[in-house]
Ligand SMILES: [Zn+2]
């Protein structure tokens with residue numbers, strides 16, 4: 001059985017590969033074309049081979065007033081919602097609500113709307129993920145972000161732990177590790193910023209040292225380097241005011257969830273959805289996710305949104321439930337933008353062509369684990 005080492009790096013765009021000279025020489029080098037959406041689905045597809053329709057969630061949150069954990073304090077939310085008027089007070093209420101541990105984080109969701117939503121999506125790498133994945137393979141050891149202290153040293157510490165395992169054990173088996181520092185850095189410092197470029201160099205060193213050690217131990221082994229999506233810098237902000245046009249969201253009329261580059265709307269009323277889509281269709285920098293595209297990417301259920309919109313490359317919804325301020329770098333734009341393409345590399349000569357989807361990575365890893 002060929003042993004595999006999978007180095008997963010969150011959010012490395014294919015177009016930044018030249019900043020990683022060692023990784024750029026892998027025998028197979030493909031653009032990883034993601035689906036529309038965030039890491040929670042893009043990562044999960046790589047290791048489960050399942051689309052959002054198949055896995056049962058798209059994005060972390062969905063409209064589900066019956067299952068929302070906040071329905072228990074629904075009567076209290078309008079009062080707590082007064083804090084929305086002053087950001088420091090709002091932050092404080094969010095922090096208190098997060099401490100209840102009903103969800104991982106309430107982010108910037110307006111407090112009165114919380115009882116309409118439920119957090120249903122967990123990435124394959126998250127502690128709460130409870131479905132089958134390739135990480136369950138009996139001979140696989142996974143090194144995940146939450147196994148380590150959350151600080152600036154985390155990737156370095158994880159790299160060292162994996163290197164020690166490879167060097168010290170007679171048979172370290174199959175290994176997957178996930179490095180997340182570069183995604184965080186691109187959100188807050190920007191793609192191709194100075195600290196970002198330094199992290200590319202660090203990640204390239206991790207890849208080189210781990211690959212050399214692994215292939216020294218298993219000359220027939222395979223090393224994969226894969227990222228879930230790309231990233232680009234934000235230049236334009238889009239402000240929406242659905243409340244001013246359509247009134248406050250409620251379970252009787254409509255609900256919306258906005259997060260950085262994505263906007264979803266739900267309503268039982270066809271005429272109201274038509275009105276809302278007419279407004280949104282007219283907003284510069286915002287595009288409707290078409291039914292054909294939704295079918296092709298496996299994002300068709302109503303739970304994912306009656307209407308789904310995404311922002312053009314370099315555009316972000318500000319403010320949104322993702323946060324009150326713009327990010328420097330973002331992802332979640334349509335995969336037809338080349339900036340959103342991740343990487344999929346292998347030391348195997350013919351493993352990948354020029355362009356692959358998450359399913360092709362899944363198939364390659366699954367095949368190595370089975371044989
Ligand atoms: Zn990210």
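Take residue 203 and tell me if it is under 21 Å from residue 47 (Cβ atoms) and within 16 Å of the ligand (Cβ to nearest atom). For residue 203, the condition - under 21 Å from residue 47 (Cβ atoms) and within 16 Å of the ligand (Cβ to nearest atom) - is met.
The residues of region 1-15 that are within 23 Å of residue 174 (Cβ to Cβ) and within 16 Å of the ligand (Cβ to nearest atom), listed by number, are 8, 9, 10, 12.
Could we say that residue 83 is in contact with a helix residue (DSSP H, G or I) (Cβ under 6 Å, 6 or more places away or on another chain), closer than 22 Å to residue 258 by Cα, away from the ligand (no atom under 16 Å from the Cβ) and free of Cβ contacts under 8 Å to residues at least 12 places away in the same chain here?
No; evaluated as a whole, the condition is false for this residue.
For the condition within 16 Å of the ligand (Cβ to nearest atom), touching a residue at least 40 places away in the same chain (Cβ under 8 Å) and over 30 Å from residue 216 (Cβ atoms), what is the one hit in 150, 118, 108? Walk me through how you get there before you give the answer.
Numbers: 150 fails: touching a residue at least 40 places away in the same chain (Cβ under 8 Å); 118 fails: within 16 Å of the ligand (Cβ to nearest atom).
108 is the lone residue from the list that is within 16 Å of the ligand (Cβ to nearest atom), touching a residue at least 40 places away in the same chain (Cβ under 8 Å) and over 30 Å from residue 216 (Cβ atoms).
Restricting 129, 117, 143 to residues that are in contact with a strand residue (DSSP E or B) (Cβ under 8 Å, 6 or more places away or on another chain) and closer than 21 Å to residue 41 by Cβ narrows the list to 117. Taking the listed residues 47, 8, the one that is in the same structural domain as residue 194 (by TED's automatic domain parsing) and either surrounded by fewer than 22 Cβ atoms within 10 Å (Cβ to Cβ) or in a helix (DSSP H, G or I) (or both) is 47, with no other qualifying.
Would you kindly identify the strands (runs of 3 or more DSSP E) lying entirely within region 206-289 that contain at least 3 residues that are away from the ligand (no atom under 16 Å from the Cβ) and either touching a residue at least 60 places away in the same chain (Cβ under 8 Å) or within 28 Å of residue 344 (Cα to Cα) (or both)?
Qualifying strands (runs of 3 or more DSSP E): 222-226, 236-238, 255-259.
Would it be correct to say that residue 95 is in a loop (DSSP other than H, G, I, E, B), without any contact (Cβ under 8 Å) to a residue 40 or more places away in the chain, assigned by TED's automatic domain parsing to the domain that holds residue 249 and out of contact with any helix residue (DSSP H, G or I) (no Cβ under 9 Å at 6 or more places or on another chain)? Even if it seems obvious, please write down each step before you answer.
Working: in a loop (DSSP other than H, G, I, E, B): no; without any contact (Cβ under 8 Å) to a residue 40 or more places away in the chain: yes; assigned by TED's automatic domain parsing to the domain that holds residue 249: yes; out of contact with any helix residue (DSSP H, G or I) (no Cβ under 9 Å at 6 or more places or on another chain): yes.
Here the answer is no, as residue 95 does not meet what is asked.
Residue-wise test of (1) in the same structural domain as residue 304 (by TED's automatic domain parsing); (2) over 22 Å from the mean Cα position of the chain (by Cα); (3) more than 30 Å from residue 90 (Cα to Cα).
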position	(1), (2), (3)
128	no, no, no
142	no, no, yes
147	no, no, yes
163	no, yes, yes
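Here residue 18 qualifies as under 22 Å from residue 190 (Cβ atoms), loosely packed, with under 14 Cβ neighbours inside 10 Å and more than 16 Å from the ligand (Cβ to nearest atom).
Determine whether residue 299 is under 24 Å from residue 56 (Cα atoms), touching a strand residue (DSSP E or B) at 6+ places or on another chain (Cβ under 9 Å) and not in a strand (DSSP E or B). Yes: the conditions hold for residue 299.
This table checks each residue for (1) touching a helix residue (DSSP H, G or I) at 6+ places or on another chain (Cβ under 8 Å); (2) surrounded by 14 or more Cβ atoms within 10 Å (Cβ to Cβ).
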residue	(1), (2)
234	no, yes
239	no, no
242	yes, yes
258	no, yes
278	no, no
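The values are calculated or read from the model by the stated rules, or taken from the named source; none is laboratory data. Note that the structure is a prediction, hence the values are computed from the model and not measured. Glycine gets a Cβ as well: all are built from the backbone with ideal geometry, and neighbour counts include every protein chain shown.
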